[in-house]
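Here is the structure we will look at.
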Amino acid sequence: GCVLVVSVIEQLAQWHNSTVKAAMERLCDYIPGKYQIMLHMSCCIDREMNADVVCHALRLCKQDPGQPLCHLYSPPKLHHLCELMHPSTFIFLPLQKTFMGFSSVCAFPLLDNLCEKIKHVLRSKLPFEDFDGDKFSTFPTLRGYHWRGRDCNDKNTTVYPGRRPDNWDAKSDSNCNGIWGVDPKDGIPYEEKFCKGADSRGVVLLGDSAGAHFHIPPEWMTVTQMSAKSFANLPMAFSDELDWPQFSEITGFLNSTIGGWTDSLYLRLRKRNRCNHRDLQNISQNGGSSGNLLSLIKSLARNQLLDNPAIVIYATIGNDVCNGERDTLAHMTTPKEMLSNVVQALRYLDSHLPNGSHVILTGLVDGRFLWDNLHDRYHPLGQLNKDITYSQLYSFLDCLQVSPCSGWLTPNETLRNLTSERALQLSNVLKEIASSEKFANFDIFYMDFPLRQTAEEWRKMGGEPWQLIEPVDGFHPSQIAAALGTGITWQKALQEWPQVLGKENPFNEQIEAIFKDQGGY
């Protein structure tokens, strides 16, 4: 974090030909009010020092005994490094002590309240603002309706997205799909007329940071594009754990503001049957794996007796083989552990999903795609001076032992191949489960993660493979990849499992004509 912020300030000074102090003030002007306090470290920067030197001098970065010196930039000569790290170099050294008193961002007084809210939702994975306790909210972030269908009455626990209508919603909208009331022409409730026998169903994602749609906007660290507008979404992003589920591949429902376009399984199900409006749940977390999904799954909101069936996408596409450990292979999930974890999750779903539901198990990605397409390209931080490639970034994170995937983000081709070999073994476990296990309340299917097809489709459209990867972290699928993946998944379902998607509702146009402004999002 220190290296990132210091790098941006130094590059701002360079780009605008200003002093570091002026660059710091410029960045502070860009950052929304209370988040500016995170920039206090910048008081100690000297233009002669690169970000690694500054952060080691501040002791925000350190070298443990017996460990390598971790650096993002090429290190200066040893005698120059010692000279630059001498206390006399710093401009406002007393403020170093002030900054070092805060061991984390959440210790800042102006941020502690927000951090407490975030810690609460990280523990529970439930909406922070949910007054009736039905696991749905009228508030967008902090696990609110960006993650689950928007509640339409947060004072009534029997009103929420996905339930079967109460008395055909003749008097009020009990399932929040915006369809309620009685047709004055014949006295039949609209919900009964338009949605009875329509195979209404919701969509639930059980996933990881790819499913939650982790994204750090590149304009946050690309000084040539930076302005106050660049950071307008910072509070929302922070409150959503740097995830953007509202634009995601499975549960996205808003037009993308982070590049590309939004196409999702939810939007296609809604278009197929307007009665499915708002019936979505994105139960994903950064770092999600088959193991920790066993606790995450308990935040599912589905009543077997009162709610519609659901399509559940089980997609932990990387974290069972990805970790930041030095001995990464020893910390990967084994096929035996994968089998146990997934079967436990499926048994839990069988006890909570309404009859007639469907589960799709998604295989792990082949992450060799990342190194192959990014390692020699410049990272957003390195584009101004052509001095930081993704290979350097990966090595820096690996040295710090915080790499999102030591097995794939490495120049070691043998290790990359071994990681993909384990990923294939785990995918085969999922495939075997889908073909052999039977459950009372849902049928079960398997599909490979469609990376190869997505890349082929993007090439046909004139794109480059590297554009399918998030530019800042160099690890997650981009907005373009998510949208293209939706189309591939949908076509496979239409061809091989049409029963999963339900029937097309012949009354969609009539519903839209009558309730055009009723549903909202």
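The values are calculated or read from the model by the stated rules, or taken from the named source; none is laboratory data. What you see is a predicted model; the values in this text were computed from it and never measured. Quick reminder, even Gly has a Cβ in these numbers, built from the backbone with ideal geometry, and neighbours come from all protein chains shown. Surface areas here come from the heavy atoms of the whole protein model, side chains and all, with no ligands, DNA or RNA. Shrake-Rupley method; radii C 1.70, N 1.55, O 1.52, S 1.80 Å.
Size of the dipole of the chain about the Cα centre, Lys and Arg at +1 and Asp and Glu at -1 on the beta carbon, nothing else charged, in debye to 20? Each step should come with its number before you reach the end.
Numbers: 49 positive and 59 negative charges, 79 e Å.
In total the dipole reaches around 380 debye.
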- Query: Put +1 on the Cβ of every Lys and Arg and -1 on every Asp and Glu Cβ in the chain; which of Ser420, Ala232, Gly144 then has its Cα farthest towards the positive end of the dipole?
  - Reply: Gly144
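Which pairs in the list Lys271/Lys503; Lys119/Lys155; Lys125/Lys171; Lys336/Lys438; Lys21/Lys386; Lys125/Lys336 are over 22 Å apart, alpha-carbon to alpha-carbon?
Details: Lys271/Lys503 11 Å; Lys119/Lys155 24 Å; Lys125/Lys171 33 Å; Lys336/Lys438 19 Å; Lys21/Lys386 24 Å; Lys125/Lys336 27 Å.
Over 22 Å Cα-Cα: Lys119/Lys155; Lys125/Lys171; Lys21/Lys386; Lys125/Lys336.
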- Task: Sequence neighbours fewer than 8 away in the same chain don't count; with that in mind, list the aspartates and glutamates whose C-alpha is under 13 Å from Lys298.
- Result: Asp350
- Amide H partners (placed H, <5 Å) of Gly202, local residues excluded: Ala310, Ile311
- Message: Run the paramagnetic zone check for Gln63: 7 angstrom along Cα to Cβ, then residues of the range 389-416 with backbone nitrogen under 18 Å.
- Response: 395-401
- Item | Solvent-accessible surface (1.4 angstrom probe) belonging to Arg278, in square angstrom, nearest 10 | 30 Å²
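If a/c stays under 1.5 just call it rounded; otherwise compare a/b with b/c (prolate if a/b is bigger, oblate if not). Do that for the range 418-503, with a ≥ b ≥ c from the square roots of the Cα gyration tensor eigenvalues.
Oblate, because a/c is 1.5 or more while a/b does not exceed b/c.
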- Could you tell me what fraction of 2.2 N^0.38 Å the Cα radius of gyration of the chain comes to, as a two-decimal ratio? 1.05
- Task: For the range 199-504, build the charge dipole from Cβ charges (+1 Lys, Arg; -1 Asp, Glu) around the Cα centre, then report which of Leu393, Asn276, Leu494 sits farthest towards its positive end.
- Result: Asn276
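Let me spell out the model: positive unit charges on the Cβ of Lys and Arg, negative unit charges on the Cβ of Asp and Glu, origin at the Cα centre of the range 199-504. What dipole size does that give, in debye rounded to 20? Please report the intermediate quantities before stating the final value.
Details: 25 positive and 33 negative charges, 160 e Å.
Once rounded to the nearest 20, the dipole reads 780 debye.
Using r as the Cβ-Cβ distance of His331 and Cys115, and R0 as 25 Å, what FRET efficiency do you calculate, to the nearest 0.05? Kindly include the intermediate steps, with their values, before the conclusion.
Details: r = 29 Å, r/R0 = 1.14.
Computed FRET efficiency for His331 and Cys115 comes out at 0.30.
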- Task: Just reorder Leu393, Leu384 by solvent-accessible area, largest first, 1.4 Å probe, all chains present.
- Result: Leu384, Leu393
- Antiparallel DSSP bridges in the range 199-504: what percent, to the nearest 5? 10 percent
- Message: Given axes a ≥ b ≥ c from the Cα gyration tensor, I'd like to know whether the range 201-358 is rounded (a/c under 1.5), prolate (a/b larger than b/c) or oblate.
- Response: oblate
- Task: Would you work out which of Asn153, Met24, Leu484 lies farthest towards the positive end of the dipole of the chain, given +1 charges on the beta-carbon of Lys and Arg and -1 on that of Asp and Glu, about the Cα centre?
- Result: Asn153
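Could you work out the relative contact order of the range 199-504, using alpha carbon pairs under 8 angstrom and six or more residues apart, expressed as a whole percent? Write down the numbers at each step before the final one.
Working: 562 pairs, mean separation 71.8, N = 306.
Relative CO of the range 199-504 lands at 23 percent.
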- Query: Where does the Debye-calculated log10 I(q)/I(0) of the range 199-504 sit at q = 0.06, 0.08, 0.10, 0.16 Å⁻¹, using only Cα point scatterers of equal weight, no solvent?
  - Reply: -0.19, -0.35, -0.55, -1.40
- Quickly work out the Thr158-to-Leu415 label distance, labels modelled 7 Å from Cα along the C-beta direction, and quote it in nm with one decimal. 5.8 nm
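Counting heavy atoms of the protein chains only and a 1.4 Å probe, report the per residue accessible area for the chain as a whole number of Å². Don't jump to the answer; show the numbers that get you there.
Details: 23010 Å² over 521 residues.
On a per-residue basis, the chain sits at 44 Å².
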- Relative contact order (%) - the range 136-215, alpha-carbon pairs under 8 angstrom, separation at least six: 16 percent
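Take the Cβ-Cβ distance between Ser227 and Glu437 as r, set R0 to 41 Å, and report the resulting FRET efficiency rounded to the nearest 0.05. Working shown, then result.
Numbers: r = 53 Å, r/R0 = 1.30.
That gives a FRET efficiency of 0.15.
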- Could you tell me what percent of the accessible area of the chain is made up of carbon and sulfur, with a 1.4 Å probe and every protein chain present? 53 percent
- From the backbone phi of the range 503-516, what are the Karplus-calculated ³J(HN,Hα) couplings (6.51 cos²θ - 1.76 cosθ + 1.60, θ = phi - 60°) in whole Hz, Gly and Pro given as x? 7, 7, 7, x, 9, 4, 5, 5, 4, 5, 5, 7, 10, 3
- Message: Using a Förster radius of 41 Å, what is the FRET efficiency between Lys492 and Asp387 based on their Cβ-Cβ separation? Nearest 0.05, please.
- Response: 0.45
- Cα shape, the range 372-521, gyration tensor, a/c 1.5 rule: oblate
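Could you order Trp15, Trp490 by accessible surface area, starting with the largest, using a probe radius of 1.4 Å? Could you put the intermediate results ahead of the total?
Details: Trp15 130, Trp490 20 Å².
Ranked from most to least accessible, the order is Trp15, Trp490.
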- Task: Whenever you get a sec, line up Ser435, Ser227 from highest to lowest accessible area (probe 1.4 Å, protein heavy atoms).
- Result: Ser435, Ser227
- Task: On the full set of protein chains, 1.4 Å probe, figure out the accessible area of Asp166 and give it in Å² to the nearest 10.
- Result: 90 Å²
- Which whole-Hz couplings ³J(HN,Hα) result when phi for each residue of the range 154-166 is put into the Karplus expression 6.51 cos²θ - 1.76 cosθ + 1.60, θ = phi - 60°, listed in order with x for Gly and Pro? 8, 10, 9, 5, 8, 10, 6, x, x, 7, 6, x, 7
- For the chain, the longest principal axis of the Cα atoms and the Cα long axis of helix 479-496 enclose an angle in degrees, to the nearest 10, of 30 degrees
